[in-house]
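Please read the structure below before turning to the comments.
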Amino acid sequence: MTALKVGAAARLRHAVMTRSELPLALVGVHNPLVSRLAERAGFDGGWLSSLEMSAVHGLPDRNLLGFAEMLAAARSIAAASDLPLIVDADNGYGTNETAVRAVRELSGSGIAGACIEDSAFPKRNSFLGAGARDLEEPEEFAEKIADVAGARVDPDFLLIARTEALIAQEGMDSAIARATRYAEAGADMVLLHTRLKDASEAIEVARQWTSPTPLVTVPTAFPHLSLRALGRLGYSMAIYANQLLRATVWGVEQALASIRSGEGAEQLERRIIPMGALLEISEGFRTAERQP
Ligand code: SPV
Ligand code: MG
């Protein structure tokens with residue numbers, strides 16, 4: 001299994017380097033089934049989101065979910081399909097040492113890459129509350145990036161450095177300076193996260209970014225920008241981080257309401273996938289069992 005998944009990092013790295021005008025499209029995959037469906041739908045990779053995994057575990061996204069839980073989820077999700085998986089490793093779970101351990105374990109487990117952000121411990125989700133939040137000092141975080149870059153077991157393991165400078169309202173100059181420093185420290189890609197709905201920051205980031213290190217975006221706040229539009233701006237990868245869990249919650253709530261309405265499950269039966277389709281998916285899992 002490990003040997004096959006080492007290939008996932010190489011495939012994803014190759015895809016980043018050789019992509020044409022469209023950015024690679026990654027999608028949040030919160031369990032092996034969803035990852036399998038995303039692969040079937042033609043996505044380039046999966047994203048193991050800290051927000052989605054925290055929510056799935058009944059926790060807020062505040063560094064409460066530990067690395068061991070993320071690693072276990074990452075391994076089972078990566079084993080279920082050939083979809084390369086990037087793990088959202090938050091701030092590396094505290095110190096440089098905890099971040100190094102995370103990257104060493106992930107890169108030795110067939111995971112394709114990890115994203116590490118400069119939020120101080122404990123982080124909180126970027127969409128939670130407005131304004132100031134604590135970040136690590138740029139030099140301190142650059143050292144963390146250099147440390148984890150050197151700790152990779154698989155040299156193809158893709159390292160995304162993420163700055164929360166725009167979320168923390170430090171300004172564009174600081175965000176660009178931080179990302180530049182993190183790229184110099186050894187990140188393969190950089191993500192300057194923004195939640196401005198008019199996409200003005202995302203547009204400005206791409207306009208000001210002159211380094212050859214490819215840019216990643218999480219377009220949650222600006223869904224009106226198509227993948228093609230993001231590519232035209234200069235982005236190499238777009239991560240649709242939480243749409244599938246939001247769709248899941250939406251579907252589950254509709255189903256719950258329908259059954260509770262007193263009509264039993266008859267109405268619902270017409271709107272959900274038939275049993276045969278679910279069995280086909282689950283039988284596919286069994287027969288496509290992967291061996292190294
Ligand atoms: C996540 O999916 O957990 C992310 C992206 O880090 S965001 O929720 O926008 O912070
Ligand atoms: Mg996260």
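Here are a few things to note about the model shown:
- Hits in the range 240-292 - residues which are β-branched (Val, Ile, Thr), open to solvent by less than 80 Å² (accessible area, probe 1.4 Å) and at pLDDT below 90: ILE281
- Listed by first and then second residue, the pairs linking a residue in the range 40-60 that is more than 8 Å from ligand 1 (Cβ to nearest atom) and open to solvent by less than 50 Å² (accessible area, probe 1.4 Å) to a residue that is of a type outside the set (A, V, I, L, M, F, W, C) and part of a helix (DSSP H, G or I), with Cβ atoms under 6 Å apart and 6 or more places separating them unless they lie on different chains, are GLY46/SER35.
- Odd one out for PHE127 among (1) modelled with pLDDT under 95; (2) more than 14 Å from ligand 1 (Cβ to nearest atom); (3) on the phi < 0 side of the Ramachandran plot: (2)
- Residues located in the range 194-220, provided they are of a type outside the set (S, T, N, Q), open to solvent by 10 Å² or more (accessible area, probe 1.4 Å) and touching a residue at least 40 places away in the same chain (Cβ under 8 Å): ARG195, PRO214
- PRO23 vs. criteria in contact with a Ser or Thr (Cβ under 7 Å, 6 or more places away or on another chain) and closer than 23 Å to ALA187 by Cβ: yes
- Yes/no for ALA73 being within 15 Å of ligand 1 (Cβ to nearest atom) and among the small types (Gly, Ala, Ser): yes
- Of all positions in the range 136-152, at least one carries a residue that is among the acidic types (Asp, Glu) and part of a loop (DSSP other than H, G, I, E, B).
- Remark: pairs (first residue in the range 6-20, touching a residue at least 60 places away in the same chain (Cβ under 8 Å); second residue open to solvent by less than 30 Å² (accessible area, probe 1.4 Å) and among the β-branched types (Val, Ile, Thr); Cβ separation under 8 Å; 6+ apart in sequence or on different chains) = ALA8/ILE111; ALA9/ILE111; LEU12/ILE86.
- Any hit, the range 162-169, residues being of a type outside the set (A, V, I, L, M, F, W, C), assigned to a helix (DSSP H, G or I), under 22 Å from ASN96 (Cα atoms) and touching a strand residue (DSSP E or B) at 6+ places or on another chain (Cβ under 8 Å): no
- Of the helices (runs of 4 or more DSSP H) lying entirely inside the range 31-89, those containing at least 3 residues that are under 21 Å from ALA10 (Cα atoms) and within 16 Å of the chain's Cα centre (by Cα) span 32-40, 67-80.
- The range 90-100 - residue that is part of a loop (DSSP other than H, G, I, E, B) and surrounded by fewer than 22 Cβ atoms within 10 Å (Cβ to Cβ) and, of those, nearest to ligand 1 (Cβ to nearest atom): TYR93
- The number of residues in the range 204-244 being among the polar types (S, T, N, Q), part of a loop (DSSP other than H, G, I, E, B) and under 22 Å from GLY42 (Cβ atoms) comes to 2.
- Out of VAL27, VAL56, sole residue that is closer than 26 Å to LEU233 by Cβ and more than 11 Å from ligand 2 (Cβ to nearest atom): VAL27
Results for (1) more than 25 Å from GLU283 (Cβ to Cβ); (2) at pLDDT 95 or above; (3) touching a Pro at 6+ places or on another chain (Cβ under 9 Å), shown as yes or no for each residue.
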{"position": "LEU33", "(1), (2), (3)": "no, yes, no"}
{"position": "ALA38", "(1), (2), (3)": "no, yes, no"}
{"position": "GLU52", "(1), (2), (3)": "yes, yes, no"}
{"position": "LEU64", "(1), (2), (3)": "yes, yes, yes"}
{"position": "ILE86", "(1), (2), (3)": "yes, yes, no"}
{"position": "TYR93", "(1), (2), (3)": "yes, yes, no"}
{"position": "ALA99", "(1), (2), (3)": "yes, yes, no"}
{"position": "LEU106", "(1), (2), (3)": "yes, yes, no"}
{"position": "ALA112", "(1), (2), (3)": "yes, yes, yes"}
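- Meets criteria (closer than 22 Å to MET237 by Cα and either touching a strand residue (DSSP E or B) at 6+ places or on another chain (Cβ under 7 Å) or in contact (Cβ under 8 Å) with a residue 24 or more places away in the chain (or both)) for ASN63: no
The values are calculated or read from the model by the stated rules, or taken from the named source; none is laboratory data. What you see is a predicted model; the values in this text were computed from it and never measured. For neighbour counting, all protein chains shown are included, and Cβ atoms are generated from backbone atoms with ideal geometry for every residue, glycine included. Only protein heavy atoms, including side chains, enter the accessible area calculation; ligands, DNA and RNA are left aside. Shrake-Rupley method; radii C 1.70, N 1.55, O 1.52, S 1.80 Å.
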